[in-house]
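The values are calculated or read from the model by the stated rules, or taken from the named source; none is laboratory data. This one's a predicted model, so the numbers in the text were calculated from it and none came from an experiment. We place every Cβ from the backbone using ideal geometry, glycine too, and count neighbours over all the protein chains shown.
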């Protein structure tokens, strides 16, 4: 078989393998699948018929057509280096075909050299095909890798777009929730302010009846001694007409004593009114030295008489154990008074409820105790009521939690009291209780409060 025929068969097989899946391949490509078989038969037939020199030009023409076709098609742009592999054989076959036309002796010598060159051309072809095959595999792997990277990039881009959409949606949702929460916070803040004001007004209302009862006593004394002084003045005028100087002096002394009592009870009434006004005013946040004994004793009596005024059937005893050596401490009187008043009201409510359940054999009692323990003072409000159930003990300082029936408590009293004691005065408010026996609320205030404590 001639070199041109071999190269043509190789190129036909390569063309079919490369173009069989190409959408724009020429129609005749599909016939190349088995075209190499008849070409091989023809090649061996021509060899046996001794007409090789004629058909060598046919093979050369076919080879040149195939090579030009490969050069023109873009599908072979990456494979044109393959032509380098067949180039030596193509040149040798072309020269051999022309030399076989003449039979000169020198041409025979040239043919002998060409025949020697053929093995080297075939070795060149084989080596180049091996290198080409390895390069093709490497290129195929790189192309597959690039395709995989491109596929991954597309997946990543799609995922990125999806995540960006999710982030946008989530951001919009969070922004909406933030706005809703801000609106809710504004509403809750306004509601909290209203409830705190309601709680303060409720405590003021509870004080009103007690203050009315308390202020009535000094006013009665003022009125009574005023009436007595009026009578004494009439008697003194009569004694003056009679010239009884000793009697005039005695009556004058009585009038002076009565006036001092009127002044005393007037100041007492004035102090009660000022206390009421002080309680009703908004806290200034300014701490001032305060006699805790006087403050606690005052609010104990006001709380008791307030409940008595609202419920005539209410009756209980109360005791005070006040430490006479207790020093004044810096507190906000309005706020601290609300704390003590709330504890007294709760204590009187507890004993009243137990009295309703145990009509006989039960003696309600509330005890106020003040004492100094090292660098702190303690105010203890104890009652012998029904106690606090242990399952709700951890909730009593929570806002809006109350055990009273609906309409009788806002649930803010103990919560506000706890905040006033702990945050406003750097102290502590704790509870000790025994269900069925009673409860103690203990306020602890340090004598040296932290200067950074805010009211």
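Please tell me if residue 307 is modelled with pLDDT under 85 and either under 17 Å from residue 329 (Cβ atoms) or loosely packed, with under 12 Cβ neighbours inside 10 Å (or both). The answer is no for residue 307. Within segment 434-449, count every residue that is surrounded by fewer than 19 Cβ atoms within 10 Å (Cβ to Cβ) and touching a strand residue (DSSP E or B) at 6+ places or on another chain (Cβ under 7 Å). Counting residues in segment 434-449 that are surrounded by fewer than 19 Cβ atoms within 10 Å (Cβ to Cβ) and touching a strand residue (DSSP E or B) at 6+ places or on another chain (Cβ under 7 Å) gives 6.
Taking the stated definitions as given, is residue 158 out of contact with any strand residue (DSSP E or B) (no Cβ under 9 Å at 6 or more places or on another chain), surrounded by 10 or more Cβ atoms within 10 Å (Cβ to Cβ), assigned to a helix (DSSP H, G or I) and modelled with pLDDT of 80 or more? Spelling it out, residue 158 is indeed out of contact with any strand residue (DSSP E or B) (no Cβ under 9 Å at 6 or more places or on another chain), surrounded by 10 or more Cβ atoms within 10 Å (Cβ to Cβ), assigned to a helix (DSSP H, G or I) and modelled with pLDDT of 80 or more.
How many residues are surrounded by fewer than 15 Cβ atoms within 10 Å (Cβ to Cβ) and assigned to a loop (DSSP other than H, G, I, E, B) if we restrict to segment 311-322? Here the count works out to 4.
The test for being over 30 Å from residue 443 (Cβ atoms) and either surrounded by 13 or more Cβ atoms within 10 Å (Cβ to Cβ) or modelled with pLDDT of 85 or more (or both) does not hold for residue 227. In segment 333-353, the condition of being buried (at least 20 other Cβ atoms within 10 Å of the Cβ), assigned to a loop (DSSP other than H, G, I, E, B) and assigned by TED's automatic domain parsing to the domain that holds residue 444 is met by no residue.
Considering only residues in segment 276-304 that are more than 23 Å from residue 377 (Cα to Cα) and part of a helix (DSSP H, G or I), the one that is modelled with the lowest pLDDT turns out to be 280. Pairing each residue of segment 411-434 that is assigned by TED's automatic domain parsing to the domain that holds residue 383 and without any contact (Cβ under 8 Å) to a residue 12 or more places away in the chain with any residue that is outside any helix (DSSP H, G or I) and surrounded by fewer than 22 Cβ atoms within 10 Å (Cβ to Cβ), provided the two are 6+ apart or on different chains, yields C-beta distances under 8 Å for 422/428; 422/429; 432/440; 432/442.
Put simply, of 177, 182, 192 the only residue that is at pLDDT below 75 and either touching a strand residue (DSSP E or B) at 6+ places or on another chain (Cβ under 9 Å) or in a helix (DSSP H, G or I) (or both) is 192. Only residues that are exposed (fewer than 15 other Cβ atoms within 10 Å of the Cβ) and in a helix (DSSP H, G or I): list them for segment 230-249, please. Answer for segment 230-249, where residues must be exposed (fewer than 15 other Cβ atoms within 10 Å of the Cβ) and in a helix (DSSP H, G or I): 230, 231, 233, 234, 237, 238, 240, 241, 242, 245, 246, 249. In this structure, residue 369 qualifies as surrounded by fewer than 18 Cβ atoms within 10 Å (Cβ to Cβ) and at pLDDT 90 or above.
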